[in-house]
Amino acid sequence: MALTLASDRLDFELPAALEAAEPPEARGLRRDGVRMLVAHVGTGSLASSTFSNLGEFLEAGDLIVVNTSSTIAAALDASSSDGTRFAVHLSTQLHDDRWVVELRRLSGGSTERWLGAPPPPRVRLRGHASLFLEHPYGEGNRLWVAQVDLGEDPFTWLETHGRPIQYGYSPRPWPLEAYQNVYAKEPGSAEMPSAGRPFTTELITQLVAEGIRIAPIVLHTGVSSLEADEFPYPERMKVPASTAHLVNATRSEGGRVVAIGTTVVRALETAARDDGVVRPIEDWTDLVISPKRPLLAVDGLLTGWHEPVSSHLLMLEAITGRDLLIDSYHAALNLGYRWHEFGDSHLILP
């Protein structure tokens, strides 16, 4: 399988057969039964394993940091005054009743990016709710700032009228529970912080019993249906004082800080000073990690497999270096690893 560099990002052809269309449970596996490719930066070595064996690659005194943001039912049926039907994805709650939203055209059983002029500003939603498109968010007309009038608490309303965001590679709808991590607790993510999906309560208990510590951050993810040349936009995040303390103590004691997902890297690195000390913080982050910005507080990363030419690959390259990143993706493609939120895992260690 050929891999190339396009605009300094990894490019490759992702076969449709490697796009995970259903949760591993639908294939008779446990959550932690997915495959896991382990990459060691120091040696450049790769090992194929299973997520349930995660503890074999960690050591007592290591710290894993998880994102406890939970996924909301952010996909909404919508229509304009002329009866045109489409979908709205709630992405990021700005404040009060204002959200960043994405308009999506209907395409079979899924949706596709909205091209052309947007609908009239007033958009009808189910349950006598509506939203008003105020102005574009960023460049183009894919994302908008909208005033959302739901008539009640938004997360309560979404439980009744929303559904999980679903893309064409997963044609069958799955319940919201399929998009939740077992440790999720604070609603706010438009799409699942999916690196942590394979964790089970039993595996977490096993890791703690083996002396591996676990700490939380919160980063509410927006929609991931970005164009190849788009970087992540600002997202709301929180690093508690207890987590900052554990990160700093772990590194001072010689342990490793392993981020569960790119969202955790973004949060911890936003909270890090130039000397790598992490401070408590509750704010917005627009940080983009790339080889031009080395990591200061994170030693390892557990993540999924990212789309060709995505900006996440720049973060991975900052951790692995270019050669090991290419080797990892070449191995994953050749070994038939699965992509997307229901797919397999990639563990990167020093």
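The values are calculated or read from the model by the stated rules, or taken from the named source; none is laboratory data. As the structure is a prediction and not an experimental result, all values here were calculated from the model. Glycine gets a Cβ as well: all are built from the backbone with ideal geometry, and neighbour counts include every protein chain shown.
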**Report entry** Count of residues meeting criterion [in a loop (DSSP other than H, G, I, E, B) and within 24 Å of the chain's Cα centre (by Cα)] in the range 98-145
**Finding:** 8
Query - Wholly enclosed helices (runs of 4 or more DSSP H) of the range 234-336 bearing at least 2 residues of a type outside the set (Val, Ile, Thr) and crowded, with 21+ Cβ neighbours inside 10 Å - result: 262-271, 312-320, 322-334
Query raised in the report: From the residues in the range 136-151 that are at pLDDT 90 or above and not acidic (Asp, Glu), which one is farthest from Val101 (Cα to Cα)?
Result: Leu150
Query raised in the report: So which pairs qualify, if the first residue must be in the range 53-77 and on the phi < 0 side of the Ramachandran plot, the second must be basic (Lys, Arg) and part of a strand (DSSP E or B), the Cβ gap must be under 6 Å, and the two must be at least 6 apart or on different chains?
Result: Leu63/Arg213; Ala73/Arg163; Ala75/Arg163
Query - Looking only at the range 108-125, and only at residues there that are closer than 13 Å to Tyr167 by Cβ and at pLDDT 75 or above, the one that is surrounded by the most Cβ atoms within 10 Å (Cβ to Cβ) - result: Thr111
Query - Subset of the range 261-280 (residues that are more than 20 Å from the chain's Cα centre (by Cα) and not acidic (Asp, Glu)) - result: Ala272, Arg273, Gly276, Val277, Val278, Arg279, Pro280
Report summary line: The residue that is surrounded by the fewest Cβ atoms within 10 Å (Cβ to Cβ), considering only those in the range 31-47 that are assigned to a loop (DSSP other than H, G, I, E, B) and touching a helix residue (DSSP H, G or I) at 6+ places or on another chain (Cβ under 7 Å), is Gly44
Query raised in the report: Failed condition for Ile214, given (1) surrounded by 15 or more Cβ atoms within 10 Å (Cβ to Cβ); (2) not assigned by TED's automatic domain parsing to the domain that holds Asp344, with all others met?
Result: (2)
**Report entry** Filtered residues of the range 18-28 (kept if of a type outside the set (D, E, K, R), surrounded by 16 or more Cβ atoms within 10 Å (Cβ to Cβ) and either farther than 17 Å from Gln180 by Cβ or not assigned by TED's automatic domain parsing to the domain that holds Trp305 (or both))
**Finding:** Leu18, Ala21
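Look at the range 126-139 and say how many of its residues are out of contact with any Gly (no Cβ under 8 Å at 6 or more places or on another chain) and either within 21 Å of Pro187 (Cα to Cα) or surrounded by 12 or more Cβ atoms within 10 Å (Cβ to Cβ) (or both).
9
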Report summary line: Taking first residues from the range 287-302 that are in contact (Cβ under 8 Å) with a residue 12 or more places away in the chain and second residues anywhere that are in a loop (DSSP other than H, G, I, E, B), the pairs with Cβ under 6 Å that are 6 or more apart or on different chains are Val288/Phe231; Leu296/Gly276; Ala297/Gly276; Asp299/Arg256; Asp299/Pro350; Gly300/Arg256
**Report entry** Some residue of the range 310-320 being of a type in the set (A, V, I, L, M) and over 16 Å from the mean Cα position of the chain (by Cα)
**Finding:** yes
